[in-house]
Amino acid sequence: MTELKLVFDEPVQKKKAPRHLADMTPEERREVSKEMGLPAFRGTQVATHYFTHLSDNPDEWTDIPQDLRATIAEKFTPKLIELVTTRTTDNGMTRKDLWKLHDGVLVESVLMLYPDRATVCISSQAGCGMNCPFCATGQGGLTRNLTAGEITEQIVAAARVCASGALPVGQTRLSNIVFMGMGEPLANYNPVIQTLKNITLPNPDGLGISARSVTVSTVGLVNGIEKLTEEGINCTLAVSLHTPDDELRDSLVPINERFKIREVLAAADAYEKKTGRRYSIEYALIRDINDQSWRADLLGRLLKSRNAHVNLIPLNPTPGSKWTASRREDEQEFVRILESYGVPVTVRDTRGREIDGACGQLAASEKAKN
Ligand code: SAH
């Protein structure tokens with residue numbers, strides 16, 4: 001059995017990213033302000049600029065004395081992410097940003113516009129230690145965890161683009177956040193929780209976005225799901241199951257050697273019980289690997305009495321992969337079988353394929369260029 005020691009280990013980071021107000025609690029923002037010899041309310045003021053007005057430009061902070069703005073900006077809003085490239089597709093309705101962090105590490109986020117919402121898909125780690133063989137990010141291993149500041153900055157950047165009016169839909173509001181970019185969010189637990197607070201706390205302490213509009217997607221780290229259950233943050237949980245049998249899952253999602261399907265579903269059920277939130281089961285349909293009707297049957301039986309919804313994702317083949325998406329008829333049969341068990345099922349649209357939309361592909365292709 002492979003040794004899976006990465007679950008809660010913080011990989012060594014040579015030089016930590018500068019501390020940002022998004023790494024602090026509201027109280028800490030006020031404390032830091034006092035430590036600077038300023039009144040506590042300056043800490044709240046700068047949070048208001050950042051979370052309410054989405055501004056990290058000190059020139060706009062007119063309620064703060066001009067001679068203080070540069071020092072406050074340095075302390076609270078150091079630049080953590082720098083845009084390297086943006087690719088757009090679907091008539092500008094999908095936009096993928098590649099970001100460079102302070103140490104040159106690359107991560108990506110994707111903004112997807114729909115008639116009724118604007119969703120950003122963000123990265124919680126640079127790389128990933130979970131090693132799922134069909135995932136581009138998994139192939140490069142884990143580089144490092146992101147700080148809450150680095151994760152939050154991706155969200156605030158997306159919120160800013162939405163508010164700018166530069167998108168084809170005009171001015172809009174960022175409404176949904178999904179932790180489905182690079183990384184395993186529950187393996188970078190504390191920064192992810194801090195980010196969830198930055199998202200859900202009302203202005204000026206956070207962005208004031210409802211936890212219902214936030215999805216944390218996990219490979220199935222049972223201890224992480226259990227901890228999240230106790231947090232009292234009622235975000236949507238998504239579990240990347242990809243097959244209903246342990247035998248195949250051991251190879252598709254190697255952490256399954258440690259946390260079996262039965263335990264993962266039990267943890268998700270407990271989350272559902274505590275939060276009242278239906279959870280999602282993610283299932284990448286891979287031709288002739290996990291798309292057989294007997295597997296759909298087994299999945300239907302596993303889920304029929306659970307409060308779960310299945311999200312089928314046509315496999316987005318990674319470069320050099322021997323696997324591809326299921327045939328149309330197999331996908332339809334899979335849906336039909338699940339529905340026959342009364343299991344709610346949707347097939348995810350495949351946004352951004354031509355811009356390396358799959359998890360980790362843009363960062364991988366950028367690395368390959370260098
Ligand atoms: N570590 C988290 C987030 C990963 S990305 C998790 O495992 O849930 C979000 C989803 O995209 C996961 O379900 C992941 O398995 C899936 N995914 C990754 N690569 C994919 C690909 N090439 N095609 C389709 N889905 C993919």
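The values are calculated or read from the model by the stated rules, or taken from the named source; none is laboratory data. Being a predicted model, the structure only gives us computed values, none of them experimental. As a convention, Cβ positions derive from the backbone with ideal geometry for all residues, glycine included, and neighbour counts pool all protein chains shown. What goes into the accessible areas is simple: the full protein's heavy atoms, side chains included, and nothing from ligands, DNA or RNA. Shrake-Rupley method; radii C 1.70, N 1.55, O 1.52, S 1.80 Å.
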The strands (runs of 3 or more DSSP E) lying wholly within the stretch 168-241 that contain at least 3 residues that are among the polar types (S, T, N, Q) and more than 20 Å from Met112 (Cα to Cα) are none
Selection from the stretch 87-108 of residues hydroxyl-bearing (Ser, Thr, Tyr) and open to solvent by 60 Å² or more (accessible area, probe 1.4 Å) yields Thr88
Here the residues within the stretch 109-118 that are within 13 Å of the ligand (Cβ to nearest atom) and open to solvent by 10 Å² or more (accessible area, probe 1.4 Å) are Val110
Report task. Please work out if Ser305 is free of Cβ contacts under 8 Å to residues at least 40 places away in the same chain and among the hydroxyl-bearing types (Ser, Thr, Tyr). Result -> yes
Among Asn188, Asn203, Asn145, Asn176, the single one that is in contact with a helix residue (DSSP H, G or I) (Cβ under 9 Å, 6 or more places away or on another chain), open to solvent by 20 Å² or more (accessible area, probe 1.4 Å) and within 16 Å of the ligand (Cβ to nearest atom) is Asn176
